[in-house]
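Step one of this worksheet: look at the structure below.
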Amino acid sequence: MANKRESPYREILEIKEKLYEIHNDMKRFIEQSSQQHLEHVLSGSRTNFTNAIIGHVIDDIEGGLENNMVKKCDMRETCKSNFTGFLQKNAGLIKQGEVHEDVILKNQSELNDMRSNAPSKQCEKCFSQVQDLFGKEISLMRSLRIYNANEDKKHEISPIPDDIIIEVLEPLSNKQRLQILKAIAIETKTFSALSELTGLRGGNLLFHLQKLLDSRMILQRHERGDYMITDKGFKILKSVGDMYFVLNPETVHGIK
């Protein structure tokens with residue numbers, strides 16, 4: 001009797017286990033399908049975005065060549081066709097996820113060869129326009145972060161001496177000093193105005209002002225005169241602002 005009662009119970013457990021396995025299989029299938037759908041949507045969005053950019057570049061090519069090439073020239077239409085083909089070929093690189101420097105150098109060399117074989121001096125005007133359009137395409141690739149020249153990479157990863165890092169960052173590591181630098185970047189400020197801005201009094205404010213003076217980020221017009229930002233201070237403050245927007249790109253568009 002006991003075995004007969006246990007048999008249906010085991011069958012129920014086995015059915016539950018099967019249902020659990022089926023549930024997990026379906027869950028994995030749905031997750032994989034959703035991921036594939038998401039990747040498909042994102043791929044389509046990237047393609048549409050890239051095509052829109054290339055379309056804009058091609059319009060820019062056509063307008064630039066039409067308006068700025070030499071008007072009275074027997075070779076105008078032939079050269080325009082050649083230039084359009086060259087620039088469109090270069091613009092097509094935008095579809096790639098990464099553009100290598102050797103490809104850009106090869107295209108630049110091709111343009112240089114065309115330029116060196118130009119039949120007359122008036123061709124220089126047309127080639128200058130093509131070079132400008134070519135440069136705009138390269139700048140666009142840099143903005144899209146799909147092209148970075150080796151020289152730029154070497155510059156970006158070049159070692160920076162520790163004392164330079166300390167010289168730049170240490171004076172700005174204090175909230176009040178950063179407030180001071182931001183304030184006098186807009187207009188010169190008196191000691192009293194900076195005291196009111198930062199809430200610091202006497203020696204405390206002088207301590208922070210001296211830090212900025214020693215780092216040559218600010219200067220005082222004359223003894224007991226207004227404080228003003230230096231070119232070095234302004235450039236460093238701008239670099240800090242650039243870093244902020246890199247870390248918070250939504251702020252550029254006003255998105256909170």
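The values are calculated or read from the model by the stated rules, or taken from the named source; none is laboratory data. This one's a predicted model, so the numbers in the text were calculated from it and none came from an experiment. Glycine also receives a Cβ, built like all others from the backbone with ideal geometry; neighbour counts cover every protein chain displayed.
Being at pLDDT 90 or above and part of a helix (DSSP H, G or I) narrows it down to one residue among L205, L169, L200; which is it?
Values: L169 fails: at pLDDT 90 or above; L200 fails: part of a helix (DSSP H, G or I).
Going through L205, L169, L200 in turn, the sole match is L205.
In a residue-by-residue description of the stretch 80-90, the property of being within 23 Å of the chain's Cα centre (by Cα), within 12 Å of F134 (Cα to Cα) and either of a type outside the set (S, T, Y) or surrounded by fewer than 16 Cβ atoms within 10 Å (Cβ to Cβ) (or both) applies to at least one position. Only a single criterion out of (1) surrounded by fewer than 18 Cβ atoms within 10 Å (Cβ to Cβ); (2) at pLDDT 85 or above is not satisfied by D152, namely (2). Scanning the stretch 205-217 for residues that are under 12 Å from F191 (Cβ atoms) and in contact with a Leu (Cβ under 8 Å, 6 or more places away or on another chain) yields a count of 3. Scanning the stretch 74-88 for residues that are part of a helix (DSSP H, G or I) and farther than 15 Å from K136 by Cβ yields R76, E77, T78, C79, K80, S81, N82, G85.
Of note, A91 does not satisfy the criterion of being outside the structural domain of C126 (by TED's automatic domain parsing) and either at pLDDT below 65 or in contact with an Asp or Glu (Cβ under 8 Å, 6 or more places away or on another chain) (or both).
Out of the stretch 94-112, which residues are assigned to a helix (DSSP H, G or I) and either surrounded by 13 or more Cβ atoms within 10 Å (Cβ to Cβ) or not assigned by TED's automatic domain parsing to the domain that holds I146 (or both)? Please lay out each step first, then the result.
Just the residues of the stretch 94-112 that are assigned to a helix (DSSP H, G or I), to begin with: 94-95, 101-112.
Hits for the stretch 94-112 are I94, K95, E101, V103, I104, N107, Q108, E110, L111.
Within the stretch 221-232, the set of residues being closer than 14 Å to E187 by Cβ, outside any loop (DSSP other than H, G, I, E, B) and not hydroxyl-bearing (S, T, Y) comprises M228, I229.
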